[in-house]
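Asker: For reference, the structure I am asking about is given below.
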Amino acid sequence: MAVTKLDVIENRRSELQAAFLAFGSVSEQLSGSFDSLRAQVAQLRTELSEAHAGKEHLAARLSALITGLPGGVLVLDAHGAIQECNPAAAELLGEPLFTQPFAAVLARAAVSAAAGEHTELRSGRFINVSRRELQSGGEVVLLADVTESHLMQVFLTRQQRLLTLGELAAALAHQIRTPLAAALLYASQMTLPGRTPESLARCADKTVGSLKQLDTLVNDMLAFAHGGAAREQVSVSAVLEQVAQWLRPALRSGIRLTIRTQAPDLMVRANAPSLVSAVLNLATNALQAATADLDLELLARRSAEGRAQIVVSDNGPGVPELIRERIFEPFFTTRTRGNGIGLAIVRSVVEAHQGSVSLAEAPGGATFIIDLPAEVIA
């Protein structure tokens, strides 16, 4: 049968009708999806608004908390410059702080900045500096004001020293009596009739020698009681050179003195005369204990932890195992001549500098190590 034009039009009308129906169905689905999406967007906006408000509230609380902290808080960028700080940090370190390198700010505000120790500020306060790296880069620095505890520690240290000094008073009386009695004896002999010029000279020498021994004992006790004197930045190499200057005139034949410095730029904050005296005491002990040829070495080095160390070593007779634990006790000595407070004074001086002194294990001779906080050079 031939397809008429009317049939073609009818077919197209049917197709268009079906297409319109399909379009209407899809439109209804899209409209429903759009309404659902719009509802979800509205819900998300509400949640985001609530989250933003909560985040702002949390940020405000954190900001208030950091501002109110009694300790200083600094945030550094990857280059060590200060990006944020609280009022306590500004009060401790002084302005300006923002965008300034933290190392420069600390050097400006501090008298000393020894690693691992309390940092003394020019204002007279002491702080403890703690640093922690941030995952996002940079660091957060906490400054804790430890002035009260530091002063209390200084007070307790001095009280302990005075207590020890009081315990030593009785023993000191006995130590003083011997050279004083000798001086009086020789002085009285000088007044006897018939003394020759030679005998008078000998008595005078003996008297002066006894008085010098008495003077040395009193000075040692004063040094032990004094403990903490004014300190400044001191080169460890310069300390060893000064010790060597004192030692060289006393060197006898067969004694070789060596000065070595592994870290020429090594600095400590110390009272130079006290530190020189402590090292000289250790070196003098080695000279006095030597019975034959002796190799004496003074070494300045930096420890693996970055601390300053002065090593006094020799190949002499060493220290017997039985008395190694007692050598730093006041008035303990194995010599017939000597007051036994030399090593006690060494320990007192070193501890006053926040350090320690120890007798190291060695196959031969004696090796003493003075360990001190190294000075940080900005």
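Asker: Of everything in the stretch 291-331 that's assigned to a loop (DSSP other than H, G, I, E, B) and in contact with a helix residue (DSSP H, G or I) (Cβ under 8 Å, 6 or more places away or on another chain), which residue is modelled with the highest pLDDT? Can you show your working first?
Answerer: Let us first name the residues in the stretch 291-331 that are assigned to a loop (DSSP other than H, G, I, E, B), namely 291-293, 303-307, 315-320, 324-331.
Adding the requirement that they be in contact with a helix residue (DSSP H, G or I) (Cβ under 8 Å, 6 or more places away or on another chain) leaves 316-317, 327-331.
Numbers: Gly316: 78, Pro317: 73, Ile327: 73, Phe328: 71, Glu329: 68, Pro330: 60, Phe331: 54.
Filtering the stretch 291-331 for residues that are assigned to a loop (DSSP other than H, G, I, E, B) and in contact with a helix residue (DSSP H, G or I) (Cβ under 8 Å, 6 or more places away or on another chain), the one modelled with the highest pLDDT comes out as Gly316.
Asker: Does Asp265 satisfy the condition of being assigned by TED's automatic domain parsing to the domain that holds Gly318, surrounded by fewer than 14 Cβ atoms within 10 Å (Cβ to Cβ) and under 20 Å from the mean Cα position of the chain (by Cα)?
Answerer: Judged against the criteria, Asp265 is a match.
Asker: Oh, and also: Restricting attention to the stretch 268-284, and to residues there that are aliphatic (A, V, I, L, M) and outside any strand (DSSP E or B), which single residue is surrounded by the most Cβ atoms within 10 Å (Cβ to Cβ)?
Answerer: Ranking the qualifying residues of the stretch 268-284, first place goes to Ala278.
Asker: Also, I was wondering about something else. Checking Leu180 against (1) surrounded by 18 or more Cβ atoms within 10 Å (Cβ to Cβ); (2) at pLDDT below 80, which test does it fail?
Answerer: All conditions pass for Leu180, except number (1).
Asker: Name the residue that is surrounded by the fewest Cβ atoms within 10 Å (Cβ to Cβ), counting only residues in the stretch 230-260 that are part of a helix (DSSP H, G or I) and modelled with pLDDT of 90 or more.
Answerer: So in the stretch 230-260, the residues part of a helix (DSSP H, G or I) come out as 236-250.
Next cut, modelled with pLDDT of 90 or more only: 236-241.
Working: Val236: 28, Ser237: 17, Ala238: 13, Val239: 25, Leu240: 21, Glu241: 15.
Selected residue: Ala238.
Asker: I would also like to ask the following. Across the stretch 109-133, what is the total count of residues that are surrounded by fewer than 14 Cβ atoms within 10 Å (Cβ to Cβ) and either closer than 26 Å to Ala304 by Cα or among the charged types (D, E, K, R) (or both)?
Answerer: 7
Asker: Among the residues of the stretch 121-150, which ones are part of a loop (DSSP other than H, G, I, E, B) and not β-branched (Val, Ile, Thr)?
Answerer: Arg122, Ser123, Gly124, Arg125, Leu134, Gln135, Ser136, Gly137, Gly138
Asker: Here are some residues: Glu375, Glu351. Which one is assigned to a loop (DSSP other than H, G, I, E, B) and at pLDDT below 85?
Answerer: On the way: Glu351 fails: assigned to a loop (DSSP other than H, G, I, E, B).
That would be Glu375, the only listed residue that is assigned to a loop (DSSP other than H, G, I, E, B) and at pLDDT below 85.
Asker: Return the residue satisfying two criteria in turn: it lies in the stretch 355-369 and is part of a loop (DSSP other than H, G, I, E, B) and at pLDDT below 85, and of such residues it is nearest to the chain's Cα centre (by Cα).
Answerer: That would be Glu361.
Asker: I need a count of the residues in the stretch 63-120 that are modelled with pLDDT of 80 or more, of a type outside the set (Val, Ile, Thr) and not in a strand (DSSP E or B).
Answerer: 25
Asker: Go through the residues of the stretch 306-313 one by one and say whether even a single one is of a type in the set (A, V, I, L, M), farther than 21 Å from Ala352 by Cβ and assigned by TED's automatic domain parsing to the domain that holds Thr367. Even if it seems obvious, please write down each step before you answer.
Answerer: Step one: of the stretch 306-313, the residues of a type in the set (A, V, I, L, M) are 308, 310-312.
Then drop every residue that is not farther than 21 Å from Ala352 by Cβ, which leaves none.
No, that holds for no residue.
The values are calculated or read from the model by the stated rules, or taken from the named source; none is laboratory data. What you are looking at is a predicted structure, and each value in this text was computed from that prediction instead of being measured. Counting neighbours? That spans all protein chains shown, and the Cβs are built from the backbone with ideal geometry, glycine included.
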